[in-house]
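Everything on this sheet refers to the single structure shown next.
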Ligand SMILES: NC(=O)c1ccc[n+]([C@@H]2O[C@H](COP(=O)([O-])OP(=O)(O)OC[C@H]3O[C@@H](n4cnc5c(N)ncnc54)[C@H](OP(=O)(O)O)[C@@H]3O)[C@@H](O)[C@H]2O)c1
């Protein structure tokens, strides 16, 4: 059993590559399904079995599942290129993976979801397109299934602070919430690897966060302190983005999806934020790892990118 590989779907992604790395560090055999084997090899190195294929193809899925002992689902279509296939990739194909996994007798499934999804908030904010609905549907399908499943509701990556920084300015549409839980992709990788290897987490859902929730202005200040380079914070009004999203919609729907994400982010429930220390303590108690603080992540990122943010 131990020699059978673990299949990581989305193993080349922002979170996926850290999941793969953590599994490899533990000496586990890993298989990754990627649309581009050459690119995947470059990202993941030689220690991984790579199957070139597409999650939307039943043939690729069946081939990927052959002889695996567990699956991690970390695929995402939240990019301008893939957004038109969001439902096909993140919903239909994931449901197909579950169907084929059941046929293949693979019972251990770890699903990477989002931190917290509240149907009432989605309705209140008029979120119609978002991945949040898809995540709800997949989580419900797992809850009804016989799989030995665990859901990891992952906070936004700490990368969000850098993604919104251009030069010396952090520009945040809507300004962001008073505080937002975020996590280092390194911690997501380690926690996911430990989760998929454990047999005692059936039917559990964890909220995966770093040690604290912080605001965008605070993040800008703390990046400045670590790097010695001043990062200014600027709130960008949402109105021009809304107009652009309506105009661009027929050509590329990504901006509308992005706007929904920004709406959700700006309205991140602060009662959930209040539970971040508790959620984090549960992770520390359940898993064996050294949590990455915001400052550690800033330094790690500088080392990886070999440039200051
Ligand atoms: N990033 C965040 O801040 C964040 C926050 C909360 C939750 N999450 C969740 O975490 C998960 C992973 O997100 P991420 O940001 O790591 O994603 P990402 O960096 O955009 O990576 C997407 C992954 O999906 C794979 N993929 C996309 N289309 C595919 C297809 N047709 N067939 C096979 N593979 C396909 C890609 O593989 P190839 O390109 O190699 O084919 C890639 O490995 C998602 O469920 C996301 O909702 C992310």
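Computed from the coordinates by the stated procedures, all read-outs in this text should not be read as laboratory data. Bear in mind that the values here come from a model prediction, so they are computed numbers and not experimental data. Backbone-built Cβ (ideal geometry, glycine too); neighbour counts: all protein chains shown.
Length gained on full extension, residue 148 to residue 293: 49.1 nm, using 0.36 nm per residue less the C-alpha separation.
Look at 58, 69, 303 and count the other Cβ atoms within 10 Å of each Cβ; fewest to most, that gives 303, 58, 69. For the chain, the mean residue ellipticity at 222 nm estimated from helices alone is -13000 deg cm²/dmol, where every DSSP H run of n ≥ 4 contributes -39500 (n - 2.57) and the total is divided by all residues, rounded to the nearest 500.
Using Stokes-Einstein with the Kirkwood hydrodynamic radius over Cα pairs, what translational diffusion coefficient do you get for the chain at 20 °C and a viscosity of 1.002 mPa s, in µm²/s rounded to a whole number? Mind showing how you got there, number by number?
Details: Rh = 20.2 Å.
Answer, rounded: 106 µm²/s.
The simple Förster model, with R0 at 45 Å and r as the Cβ-Cβ distance, assigns residue 212 and residue 252 a FRET efficiency of 0.80. By other beta-carbon atoms within 10 Å, ranking 115, 15, 289 with the fewest at the front produces 289, 115, 15.
Could you tell me whether region 223-309 comes out rounded, prolate or oblate from its Cα gyration tensor? Rule is a ≥ b ≥ c as square roots of the eigenvalues, rounded for a/c under 1.5, then prolate if a/b exceeds b/c, otherwise oblate. Cα axes put region 223-309 in the oblate bin. Highest GNM mean-square fluctuation, the chain, Cα pairs closer than 10 Å: which of 282, 98, 33? Its mean-square fluctuation being the largest, the pick is 282. With both labels modelled 7 Å from their Cα along Cα-to-Cβ, the residue 54 to residue 304 distance reads 2.8 nm.
Taking every alpha-carbon pair in region 123-209 and binning the separations at 10 Å intervals from zero gives 14, 34, 34, 15, 3, 0 percent. Spatial offset of region 186-249 relative to region 19-57 amounts to 25 Å, using the alpha carbon center of each. Note on the chain: GNM, Cα springs under 10 Å; of 225, 266, 148, the largest mean-square fluctuation is that of 225. When the Cα gyration tensor is reduced to axis lengths a ≥ b ≥ c, the ratio a/c is 1.5 or higher for region 221-264, and with a/b above b/c it is classed as prolate.
How much of the DSSP bridge set in the chain is antiparallel, in percent, rounded to the nearest 5? In the chain, DSSP labels about 10 percent of beta bridges as antiparallel.
Assuming R0 = 22 Å, can you tell me the calculated FRET efficiency for the pair residue 85 and residue 133, based on Cβ-Cβ distance, to the nearest 0.05? In this case the efficiency is close to 0.90. When the chain is treated as a Gaussian network with alpha carbon springs shorter than 10 Å, the biggest mean-square fluctuation among 202, 26, 17 belongs to 26.
Please give the length that would be gained between residue 62 and residue 267 if that part of the chain were fully extended, namely 0.36 nm times their separation in residues minus their C-alpha to C-alpha distance (nm, one decimal). The partial results should precede the final answer.
Numbers: separation 205, 0.36 × 205 = 73.80 nm, distance 4.02 nm.
Separation in residues times 0.36 nm, less the Cα-Cα distance, equals 69.8 nm.
Fully extended, how many nm does the chain gain between residue 239 and residue 118 (0.36 nm per residue separation, minus their Cα-Cα distance)? Write out the running numbers ahead of the final one.
On the way: separation 121, 0.36 × 121 = 43.56 nm, distance 2.51 nm.
So the extension gain works out to 41.1 nm.
The label-point distance for residue 99 and residue 227, in a model that sets each label 7 Å from Cα toward Cβ, rounds to 4.7 nm.
Using a Förster radius of 30 Å, what is the FRET efficiency between residue 92 and residue 278 based on their Cβ-Cβ separation? Nearest 0.05, please. E between residue 92 and residue 278, to the nearest 0.05, is 0.25.
For region 46-158, the fraction of alpha-carbon pairs lying more than 22 Å apart is 36 percent, rounded to a whole number.
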